[in-house]
Amino acid sequence: MTITFAELTTMRVGGPVRRFELAQTADQAVELVREADVAGDALLVIGGGSNLVVGDVGWDGTVVKMASPAFDIEGDLVHADAGVDWDLLVRATLAEGLAGLEALSGVPGSVGGTPVQNVGAFGTLTSELLEFITVYDREAGKLERWTPDRCGFGSHRQSVFKHSDRWVVIDVTYRLKRTGQSKPIEYAELARTLDIPIGGTAPIADVRQAVLTLRRNKRMVLDPDDHDTWSVGSFFINPVLPEVPPRASECPQYFDIKGTKLSAAWLIHNAGCPPGYGLDWGNGTVALSSRHALAVTNRGGATTADIMKFAAHVQEKVEARFDIRLGPECDLVNCSF
Ligand SMILES: Cc1cc2nc3c(=O)[nH]c(=O)nc-3n(C[C@H](O)[C@H](O)[C@H](O)COP(=O)(O)OP(=O)(O)OC[C@H]3O[C@@H](n4cnc5c(N)ncnc54)[C@H](O)[C@@H]3O)c2cc1C
């Protein structure tokens with residue numbers, strides 16, 4: 001039976017996979033990758049498909065889905081195979097009284113996907129907690145253990161894995177803290193929800209609940225019945241610019257090591273595309289989430305071509321208004337806008 005990316009991704013679009021393999025263990029993942037490389041077959045490694053949009057042509061090669069569910073906790077160290085569901089790991093660490101991942105509750109996807117995107121939410125970045133990663137180097141044909149300094153984290157949502165298919169993340173180890181209390185909460189909206197001052201701390205279970213409430217309000221927790229969550233989360237990346245164009249001077253600005261980071265959500269909203277924009281545009285299958293201007297969503301029946309056309313339209317509106325060209329935050333495979 002042919003499997004399609006519409007079944008493998010949270011955007012629920014994309015064409016067929018020629019050869020699909022589930023890696024049920026870490027060893028099997030390495031074997032499957034080696035096998036495809038030796039055969040010279042084009043390889044795409046995926047996790048939860050929550051940050052990926054693939055073209056309607058699909059993938060004429062092998063897709064390996066990381067699906068090993070193995071993880072263990074040893075003292076403060078949490079060691080998880082790439083295929084472990086991210087939120088399942090977060091729940092397990094909190095249940096063990098380990099603090100660190102609570103603000104990252106409810107992020108979809110796999111453990112292996114987190115260093116690729118340097119996943120972050122509500123003031124916590126996964127890279128801050130990383131102890132080491134095991135990667136399979138496809139060029140050298142061997143496994144290596146990497147410390148975070150090799151991963152190219154730094155600027156917003158970047159890593160060496162993001163624009164390269166040379167390394168496959170096999171497992172990830174985090175160092176957490178054996179305390180029931182969170183780190184200081186600097187994210188204003190989260191502090192408000194917890195009813196604590198900015199910089200205050202809270203029990204980790206309370207932080208998880210507050211984060212899930214905030215995420216559900218923004219439709220950032222997957223729900224198959226809610227089209228606002230048929231997305232990749234933030235579709236466009238916050239631009240980092242050496243100089244802010246005068247027309248965008250009112251946009252919220254943040255420091256980044258590569259320049260000034262601007263809020264893509266603000267730019268989109270103020271270019272005339274507020275949350276919910278697009279339902280009456282095109283053939284009505286694609287729109288921005290009704291709660292979140294950064295999330296492009298499939299309203300049902302969309303193709304990848306529909307998503308790309310809509311993304312290009314939003315990109316043009318922002319460029320025309322602010323002289324800034326937004327790029328994708330998600331990974332686009334065999335498609336572009
Ligand atoms: C509703 C919603 C909310 C979201 N909220 C957030 C958020 O708050 N913060 C945030 O940072 N992100 C968020 N995201 C984006 C997404 O959840 C993360 O980027 C997640 O880590 C992607 O993991 P994945 O396993 O689904 O990766 P996939 O989508 O399967 O893959 C993404 C990319 O990583 C590569 N990849 C995956 N696994 C491996 C591996 N083991 N080795 C090498 N490469 C690999 C793939 O080839 C692809 O290029 C959200 C997405 C959705 C749909």
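Remarks
- Thr126 being within 14 Å of the ligand (Cβ to nearest atom), under 24 Å from Pro184 (Cβ atoms) and among the β-branched types (Val, Ile, Thr): yes
- Residues that are among the β-branched types (Val, Ile, Thr) and closer than 17 Å to Ala311 by Cβ within region 217-245 comprise Val232, Ile237, listed in sequence order.
- Residues satisfying the stated conditions in region 233-277, i.e. in contact with a Pro (Cβ under 6 Å, 6 or more places away or on another chain), without any contact (Cβ under 8 Å) to a residue 60 or more places away in the chain and crowded, with 18+ Cβ neighbours inside 10 Å: Ser263, Trp266
- Residue match in region 300-307 (condition: more than 16 Å from the ligand (Cβ to nearest atom), farther than 15 Å from Ser231 by Cβ and in contact (Cβ under 8 Å) with a residue 24 or more places away in the chain): yes
- Inspection of region 154-167 finds no residue satisfying the criterion of being free of Cβ contacts under 8 Å to residues at least 12 places away in the same chain, surrounded by 19 or more Cβ atoms within 10 Å (Cβ to Cβ) and not acidic (Asp, Glu).
- Total residues in region 121-153, condition in contact (Cβ under 8 Å) with a residue 24 or more places away in the chain and open to solvent by 20 Å² or more (accessible area, probe 1.4 Å): 13
- The residues of region 81-103 that are within 11 Å of the ligand (Cβ to nearest atom) and touching a residue at least 24 places away in the same chain (Cβ under 8 Å), listed by number, are Asp81, Ala82, Gly83, Val84, Asp85, Trp86, Ala103.
- Hey, Asp87 acidic (Asp, Glu), more than 30 Å from Val211 (Cα to Cα) and open to solvent by 20 Å² or more (accessible area, probe 1.4 Å) or not: no
- Scanning region 75-111 for residues that are more than 21 Å from Cys330 (Cβ to Cβ) and of a type in the set (Asp, Glu) yields Asp76, Asp81, Glu96, Glu102.
- Count of region 40-66 residues which are touching a residue at least 12 places away in the same chain (Cβ under 8 Å) and either open to solvent by 30 Å² or more (accessible area, probe 1.4 Å) or of a type outside the set (A, V, I, L, M) (or both): 17
- Test: residue in region 67-74 that is more than 12 Å from the ligand (Cβ to nearest atom) and either closer than 25 Å to Glu329 by Cβ or surrounded by 23 or more Cβ atoms within 10 Å (Cβ to Cβ) (or both): no
The values are calculated or read from the model by the stated rules, or taken from the named source; none is laboratory data. All of these numbers come straight from a predicted model, not from anything done at the bench. Here the Cβ is made from the backbone with ideal geometry for all residues, glycine too, and neighbour counts use every protein chain on show. All accessible areas refer to the heavy atoms of the entire protein, side chains included, with ligands and DNA or RNA removed. Shrake-Rupley method; radii C 1.70, N 1.55, O 1.52, S 1.80 Å.
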